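Visitor: Can you read through this structure? Questions will come right after.
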Amino acid sequence: MKEIAGNYVRQVVIELSRRARVGHIGSALSVADLLAVLYGRVARIASPGDPDRDRVILSKGHAAAALYAVLHARGWISAEELETFCGDDSTLGVHPDISATGVDFATGSLGIGLSLGVGSALAARLSRSSRRTFVLMSDAECNEGSVWEAAMFAAQHRLSSLTAIIDFNGMQALGPTQDILDQSNIAERWRAFGWHADEIDGHDEHAIQRALVAAAQAPAPVVVIARTRLGKGVSFMEGQLASHYWPLSDAQAEQALRELSTCTPS
Amino acid sequence: MRKAFLTKLSALAADERIVLLTGDLGYTVIEDFASRWPERFYNAGVAEQNMLGMAAGLAEAGFIPFVYSIATFASMRAYEILRNGAILNDLPIRIIAIGQGFDYGPAGATHHALEDLALMRVQPRVRVISPSDDAQSVSALDATWDLRSPVYYRLAKDPSAAIPGLDGRFDASRVEMIRDGSDVLLLATGSLASEAIDAAEILSLQGIEAAVGIVASIKPLPADDLQRVITSYRTVVTIEEHYVHGGFGSAVCELAASAGLGARIVTCGVGDRITGCGSRSHLRALHGLTAGGIAARIQSALSA
């Protein structure tokens, strides 16, 4: 497995967003380290077509640019394909579609991915496969009632091959999550639903790897609550709500790329 | 109908890809499957959204999940999850939707399935099946359970008497003509087909000879066969236990209009109003969906 650096993912995200003039950059930057570790060190995917591969569901589909970056790093999406991002007839839209190699499920509407993952984990159990299922969600996504339906079922059936990762960047579309539907006790909530909950720094690659590897040993489904920052790695985007919406100007993109190439990988 | 269908499903489940999920419903009909195949039977709880999402996750891994609920909940509670889960991801899940129209009459409007055909038929890739009797529901399951596309089965809750002349046939490309007549063509779907036949008898006594055809595949419609049959008539009457907007009658109108057929289409179904409590027979009568109501509607249409 080839290791992937979080800042490599961020650089690709900035390049893609600049070319396509689309937003959702802040969110793609906040999950960069999570996806880099997942695809670079943890998920067992011999090839995208292997039926017994681990499944990865980007339930917060709006961070797809970061997913395309790691799929490119793994060699499944070509540089030419990457250049079509958000173009007419591209397989790579703002939200992921199964027409892109390496995308297990199309997503884009929040609150569906965990149920897909529950089905996937159940399928693995029925097939007596040891494959794992990872679902990367956003914190605001936990506003959706369907998430808790899925959480109840997974706990009831002790779907221990299922690992949810929550990109807890504390921001949602119209402001800080704590001002909209406060989830500051999010770990307690998941534990109350019968899950094992682990809280980590979502930009610490070693902590991410440790948590995702350890999750495989738990007798119940595990949620890894990853504390992150929206827009992580780019000074003028960090923690800024507007980074959910902005497309980047050329000057901003240049600055962002400069910052990402000089800072040490966190 | 649901009992016959579930019994057949239980037999088909010797194929280990079949999984049955229920939204905590199906008392007295799911037990056979649950006891024969306990490792492939799950009660998802009163949580249709997760059930539909989970089904897509199972299907991606090669399973053929059937989800079971009352038609209103099965079709509407998780509609967006069906769309963005199984349909968008091109996965072959099956929905067993119980209650055609007023089957759960006394339960009230929350349980009257009157828009499910409309909702399901607008979704790409989905097949929509509306059988008229127990035997046809079993044939339909036999013909479609392992298709590549999602399938929506709209089933009657109670056992349905066999429709004379149908002999349980199901062929998605055919209109099953069970009665001849040259004055008017009745096209029925679902268990209401028996009322259509009785309506034709009433009309016959009044000197109007009505042909009766049964359509069980709402999507795809048996388009070629429908065109061929409709061409011979000046008046065609669609009969369904569903709102008149968006369902079977609308689908026939779309076909007739786009094919340039000259027939006038009279749509029998539930009008643009909220339904109330009552037995199935009471509600059918209230909305003009008994043999007498249908016959009267046709008489007035023909004399207009």
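The values are calculated or read from the model by the stated rules, or taken from the named source; none is laboratory data. No experiment lies behind these values; they were computed from the predicted model shown. Here the Cβ positions follow ideal geometry from the backbone for every residue, glycine too, while neighbour counts run over all protein chains shown. Accessible surface areas use protein heavy atoms only, side chains included; no ligands, DNA or RNA. Shrake-Rupley method; radii C 1.70, N 1.55, O 1.52, S 1.80 Å.
Visitor: Is it the case that residue B:274 is under 22 Å from residue B:174 (Cβ atoms) and hydrophobic (A, V, I, L, M, F, W, C)?
Guide: So residue B:274 does not fit the description; no.
Visitor: Another one. In region B:95-112, is there at least one residue being without any contact (Cβ under 8 Å) to a residue 40 or more places away in the chain, β-branched (Val, Ile, Thr) and more than 12 Å from chain A (Cβ to nearest Cβ)?
Guide: yes
Visitor: Can I ask one more? Can you tell me which residue within region B:264-286, out of those that are assigned to a loop (DSSP other than H, G, I, E, B) and without any contact (Cβ under 8 Å) to a residue 40 or more places away in the chain, is nearest to residue B:195 (Cα to Cα)?
Guide: Only one residue fits best here, namely B:271.
Visitor: Taking the residues in region A:120-145 that are more than 22 Å from residue B:64 (Cα to Cα) and among the small types (Gly, Ala, Ser) as candidates, determine which candidate is nearest to the other protein chains (Cβ to nearest Cβ).
Guide: A:145
Visitor: Another one. Please enumerate the residues belonging to region A:146-175 that are within 17 Å of residue A:60 (Cβ to Cβ) and open to solvent by 10 Å² or more (accessible area, probe 1.4 Å).
Guide: Passing the criteria: A:148, A:168, A:169, A:170, A:171, A:172, A:173, A:174.
Visitor: Inside region B:23-49, can you point out the residues that are within 14 Å of another protein chain (Cβ to nearest Cβ) and open to solvent by 60 Å² or more (accessible area, probe 1.4 Å)?
Guide: B:24, B:38, B:39, B:43, B:46, listed by residue number.
Visitor: Among the residues of region B:58-79, is there at least one that is out of contact with any strand residue (DSSP E or B) (no Cβ under 9 Å at 6 or more places or on another chain) and polar (S, T, N, Q)?
Guide: no
Visitor: Still on this model: Within region A:100-119, track down each residue that is more than 12 Å from residue A:137 (Cα to Cα) and more than 8 Å from chain B (Cβ to nearest Cβ).
Guide: A:100, A:101, A:102, A:103
Visitor: Answer yes or no: is there a residue in region B:131-143 that is assigned to a helix (DSSP H, G or I), under 15 Å from the mean Cα position of the chain (by Cα) and without any contact (Cβ under 8 Å) to a residue 40 or more places away in the chain.
Guide: Yes, that holds for at least one residue.
Visitor: Right, residue B:240: more than 16 Å from residue B:192 (Cα to Cα), outside any loop (DSSP other than H, G, I, E, B) and among the acidic types (Asp, Glu) or not?
Guide: Answer is no for this residue.
Visitor: A further question follows. Among the listed residues B:166, B:203, B:192, identify the single one that is among the hydrophobic types (A, V, I, L, M, F, W, C), open to solvent by less than 60 Å² (accessible area, probe 1.4 Å), over 14 Å from the mean Cα position of the chain (by Cα) and under 30 Å from residue B:303 (Cβ atoms).
Guide: Every option except B:203 fails the conditions.
Visitor: Are any residues in region A:84-99 more than 10 Å from chain B (Cβ to nearest Cβ) and of a type in the set (D, E, K, R), and if so, which ones?
Guide: Correct list: A:88, A:89.
Visitor: Residue A:193 - would you say it is away from chain B (no Cβ under 12 Å) and open to solvent by 10 Å² or more (accessible area, probe 1.4 Å)?
Guide: Spelling it out, residue A:193 is indeed away from chain B (no Cβ under 12 Å) and open to solvent by 10 Å² or more (accessible area, probe 1.4 Å).
Visitor: Then there's this: Out of all the residues in region A:218-231, is one or more of a type outside the set (A, V, I, L, M), over 25 Å from residue A:150 (Cβ atoms) and crowded, with 16+ Cβ neighbours inside 10 Å?
Guide: Yes, there is a match, as at least one residue in region A:218-231 is of a type outside the set (A, V, I, L, M), over 25 Å from residue A:150 (Cβ atoms) and crowded, with 16+ Cβ neighbours inside 10 Å.
Listed here are the residues, each with its yes/no results for (1) part of a helix (DSSP H, G or I); (2) in contact (Cβ under 8 Å) with a residue 60 or more places away in the chain; (3) assigned by TED's automatic domain parsing to the domain that holds residue B:125.
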site	(1), (2), (3)
B:148	no, no, yes
B:162	no, no, no
B:166	no, no, no
B:169	no, no, no
B:181	no, no, no
B:202	yes, yes, no
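Visitor: Which of the residues spanning region B:287-304 are open to solvent by less than 30 Å² (accessible area, probe 1.4 Å) and not in a loop (DSSP other than H, G, I, E, B)?
Guide: B:291, B:293, B:294, B:295, B:298, B:301
Visitor: Any residue in region A:192-207 that's more than 12 Å from residue A:168 (Cβ to Cβ): show its pairings with residues that are part of a strand (DSSP E or B) and among the charged types (D, E, K, R) at Cβ separation under 9 Å, as long as the two are six or more apart or on different chains.
Guide: A:207/A:201
Visitor: Scan (1) more than 14 Å from chain B (Cβ to nearest Cβ); (2) at negative phi for the single condition residue A:170 breaks and write down its number.
Guide: Exception for residue A:170: condition (2).
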